[in-house]
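First the structure, in the form of structure tokens, and then the observations on it.
Any read-out appearing in this document is the output of simple, stated calculations on the displayed coordinates, not a laboratory observation. Everything numeric in this text was worked out from a predicted model, so none of it was measured. Backbone-built Cβ (ideal geometry, glycine too); neighbour counts: all protein chains shown.
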Amino acid sequence: MAKQPIKIKDTPIFEQGGFSVIAGPCAIENKDHLVQTAELLSKLNVKMLRGGAYKLRTSPHSFQGIGKEAVILLSDIAKDYGLFSVTEIISLQDIDLIHKYIDIILVGTRNMYNYPLLKELGQVSCPIILKRGMCATVEEWLLAAEYIDNDKIILCERGIRTFETCTRNTLDLSSAVFVEKKSNFHVITDPSHATGNRDLVIPMALASKACGVQGVMVEIHPEPDKALSDAEQMLDFEMFKELINCTNLVGNAFIRSDINLCKHIILRNG
């Protein structure tokens, strides 16, 4: 299903047939790390810088971000490097602040069912990334997007909770492709949260591109093992360079014209 590209300040993102990458730390820790990350993204022609300002954590003892300071820091550094900023919103009370400073607002898995928040986000002008709830069906995910009622919605498959324990979650690529083909929404994946293992992020990013979704969101850090949040799933800078190089080489196997060509060759050769 053909989709119109989303525009930010007249710049198109998530164009049909393209593959967009969003990258940055799980949680913003300090200015130096964020500047290093922005420099890397700029050199690799990656346009969207993500970073967590407010973090919903399972344990109340875990690092939960530095809040407003991080929002402003992310905004300033993204602008300095010609990037678009992406951060998660966790509360209704933060809408005005985040909408003022941030280019793309992210709704995390825990807030997919926060319908009052989704309704209010429908009133903002910027793009919204809506992550699938960790136990949500595709129908529930799509209905949550309708609560936002915004023509700039990007759906993010971030892995669902299953009986399998070898990965943090199970990346449901079949559902991502289904939604990409059957809905008007742009679809990306988050292989970092889906796998919880940095060694699996690149293969799952490549699989995402090969099956036809429009991009990935991954977590990177200059020193992942020292990160204050989700250290085990973040790529270091060299791994991220490898991801970009590999995705540039992988074609999109789900382009309809290629499928038709394959059918033609098969039929012609009996």
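Observations, loosely collected:
- Given 68/131; 9/79; 43/100; 3/182, the pairs whose alpha carbons are separated by over 18 Å: 68/131; 43/100
- Straight-distance candidates among the aspartates and glutamates for linking to residue 119, with alpha-carbon spacing under 13 Å and chain neighbours fewer than 8 residues away dropped: 146, 149.
- Residue range of the chain that is longest and free of chymotrypsin sites (Phe, Trp or Tyr not before Pro) which are both DSSP loop and sparsely packed (at most 14 other C-beta within 10 Å): 1-112
- Top of 50, 161, 198 by mean-square fluctuation, Gaussian network on the chain, Cα under 10 Å: 161
- Where only DSSP H runs of four or more residues are counted, the chain gives -11500 deg cm²/dmol as its mean residue ellipticity at 222 nm, each run worth -39500 (n - 2.57).
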